[in-house]
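Inspection log for the structure reproduced underneath, given as structure tokens.
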Amino acid sequence: MTIRLGVLAVAAAVPLAAQAPGKPARLEAPAVGLGPFALGGTGEWAGSVALGGRWSLGFGAAGAAVRGEHDWLGREIGTRLGVERSVGRATLSAGALGASLDQPKVSMAGAFLAARLTVGSVQVEGEVGQLARIAGSFAAWSGAGRPVDTLRSGPQSPSHGWLAVRRRFGPVDLAGRVVARTRLASEGSAGWEASAAFRFVDGWAVAVTGGRAPIGTSPYLPYRDRVTIGLALAPRRSRTFGSVERRGWFAAEPDSAGVVFHFWLPGIERVELLGDLTDWRPVAMTALGGGRFDLALAVPPGSYLINLRLDGGKPLVPPGLPAVDDGFGGEAGVISWSR
Amino acid sequence: MLIPAVLLALAIQAPDSLLRERLDLPTARAVEAIVDSAVRAGLPGRPLIQKALEGQTKGAAGPRIVAAVHLLYEGLGQARAALGSEAADDELQAGAIWLRSGGTVAQLIRMRRTAGTRPLTTVLTVSAEWLGRGWPAAEASASLERLLRADVPDTAFLTLRADVDRVARQGAAVLPVLRERVNRLAPVRNP
């Protein structure tokens with residue numbers, strides 16, 4: 001059994017919807033600047049084996065995204081480049097895979113297809129992929145470092161698949177994953193891993209992962225029993241980290257008693273409205289399921305400044321409202337209505 | 001005459017309980033002094049109180065809260081001078097937002113003159129956001145005067161705002177679309 005200590009798992013994400021420094025993130029991607037880009041990475045020091053890591057870069061706009069990932073362990077490299085598209089609660093992605101082994105020196109290329117579905121606080125994600133050898137030879141290799149039978153008799157075009165389920169319980173994210181791939185001569189074909197991440201400060205989390213699975217894209221990275229402990233940093237706690245942010249929807253509907261506010265954004269558990277009409281006290285909106293929230297307030301027609309807070313985060317401008325500088329380093333949305 | 005004046009004085013001097021509940025004493029007193037000045041000048045006090053409460057909720061320090069309230073007080077005063085004594089409180093607030101977003105008092109005066117008695121709340125609120133998106137204030141002011149002369153209703157401004165926001169979310173440049181839409185609503189007349 002190999003125990004790996006993650007010295008630093010860094011997910012340095014530039015928020016997809018970031019405004020200029022000091023301003024709060026909007027719920028929708030802005031037009032210019034670095035807003036649509038997200039950069040993430042992880043690193044591990046795997047005991048006496050090797051240093052490994054993973055970086056990802058995503059670019060998203062208008063409901064789609066291109067995302068690249070690059071991971072390595074020692075001299076072995078895995079790369080993927082894909083296109084993502086959000087359709088309702090689901091995100092579909094497809095793209096190309098590449099892998100490069102060091103002993104023996106073999107390069108592989110292929111494709112993957114993945115899907116992710118978010119329902120409330122539960123997220124289900126799966127992927128299938130196929131690689132083919134494009135350079136080098138397994139059969140010709142006779143060096144040290146790997147079991148000969150494993151690679152000579154193993155598949156030249158390995159395929160893999162995995163299925164993961166994640167659920168958020170307040171500040172804790174729990175996940176489980178099962179992995180399957182073309183069986184190698186000396187290894188089984190299935191693996192698993194479980195993880196728990198605790199968000200103790202906005203943007204920071206401690207994560208523990210354990211199981212029997214490879215860590216990267218390269219199909220010949222061996223399965224090993226392992227435990228990884230890491231520290232993650234992300235400027236925003238987005239359930240769609242590294243992919244396209246879903247578009248929220250907000251509206252105000254005047255009625256005889258005042259006004260009813262409607263908000264929709266899947267994957268959010270708690271929404272609070274605060275503004276001139278609440279004396280800037282956060283008021284929880286009623287969750288109706290499916291990412292929908294409502295709030296009725298008995299206030300007269302007029303013009304008001306308001307913000308939303310999602311899952312206890314920073315105040316945001318509700319989607320679709322004009323935004324003005326609030327004088328405190330952020331923005332507030334302006335809403336007005338008449339009878 | 002004496003009794004109403006006494007009552008008015010008491011009203012002006014009575015501290016707002018929300019400020020005392022939510023702010024530390026020095027900050028509450030400083031904000032109350034600004035509110036008193038505003039009310040004496042015929043300006044609405046509620047937006048100033050709300051600005052202080054907003055700062056408290058967003059974790060701003062006392063001095064920053066007082067500075068923001070004072071800035072809004074100045075903006076309301078300038079908006080009153082530009083939009084006239086008949087302007088409603090929400091129109092004054094919209095005018096203060098326009099000034100805060102980069103507009104000038106002179107531009108507000110011209111828009112008031114062009115619009116006549118029509119309330120400018122929606123026009124100023126929506127166009128202040130466009131100033132924030134980079135629309136030069138001088139061009140914005142001239143375009144808005146054209147739209148007001150053409151009697152473009154408030155609903156058209158809100159529709160235009162939604163169109164511009166959609167363009168922005170798609171990652172396209174906003175100003176060319178904004179200019180094109182404005183020209184469509186109120187074409188420039190050749191001399």
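Details
- Residues whose amide H lies under 5 Å from that of A:Gly302, counting only those 5 or more places away or on a different chain, are A:Trp337; hydrogens are built 1.01 Å from N in the peptide plane.
- Overall, the range B:54-147 carries a charge dipole of about 180 debye about its Cα centre when +1 sits on the Cβ of Lys and Arg and -1 on the Cβ of Asp and Glu, all other atoms neutral.
- Alpha-carbon Debye profile of the range B:100-181, log10 I(q)/I(0) at 0.10, 0.11, 0.21 Å⁻¹: -0.22, -0.26, -0.97
- Kirkwood hydrodynamic radius over Cα pairs of chain B, then Stokes diffusion coefficient at 10 °C and 1.306 mPa s, in µm²/s: 87
- Amide H partners (placed H, <5 Å) of A:Ala132, local residues excluded: A:Ala109, A:Gly110
- Summing charges over neighbours of B:His70, with a neighbour being any other residue whose Cβ is under 11 Å away from its Cβ, gives +1 when K and R count +1 and D and E count -1.
- Placing unit charges on the Cβ atoms only, positive for Lys and Arg and negative for Asp and Glu, gives chain B a dipole magnitude near 520 debye about its Cα centre.
- Based on the reciprocal of the average 1/r between different C-alpha atoms, the Kirkwood radius for the range B:19-88 equals 12.1 Å.
- 3J(HN,Hα) along the range A:303-314, derived from phi through the Karplus expression 6.51 cos²θ - 1.76 cosθ + 1.60 where θ = phi - 60°, amounts to 10, 9, 9, 9, 9, 10, 10, 9, 6, x, x, 6 Hz, with x in place of Gly and Pro.
- An ellipsoid equivalent to the range B:137-187, defined through the eigenvalues of its Cα gyration tensor, has semi-axes of 19, 12, 8 Å when rounded to whole angstrom and sorted largest first.
- Couplings 3J(HN,Hα) of the range B:150-156, computed from phi: 7, 6, 5, x, 4, 4, 5 Hz, in residue order, whole Hz [Karplus 6.51 cos²θ - 1.76 cosθ + 1.60, θ = phi - 60°; x for Gly and Pro].
- Shown for B:Leu25, B:Leu185: other C-beta atoms within 10 Å of each C-beta, ranked fewest to most, produce the order B:Leu25, B:Leu185.
- Each residue of the range B:86-100 is assigned a 3J(HN,Hα), and the resulting list reads 7, 5, 6, 4, 5, 5, 5, 5, 5, x, 5, 5, 4, 5, 5 Hz, derived from the Karplus form 6.51 cos²θ - 1.76 cosθ + 1.60 (θ = phi - 60°), x at Gly and Pro.
Quick note: the coordinates plus some simple rules give every number you see, no bench work behind them. Small disclaimer: the values here were computed from a predicted structure and weren't measured. Heads up, the Cβs are rebuilt from the backbone with ideal geometry, glycines too, and the neighbour counts pull from every protein chain shown.
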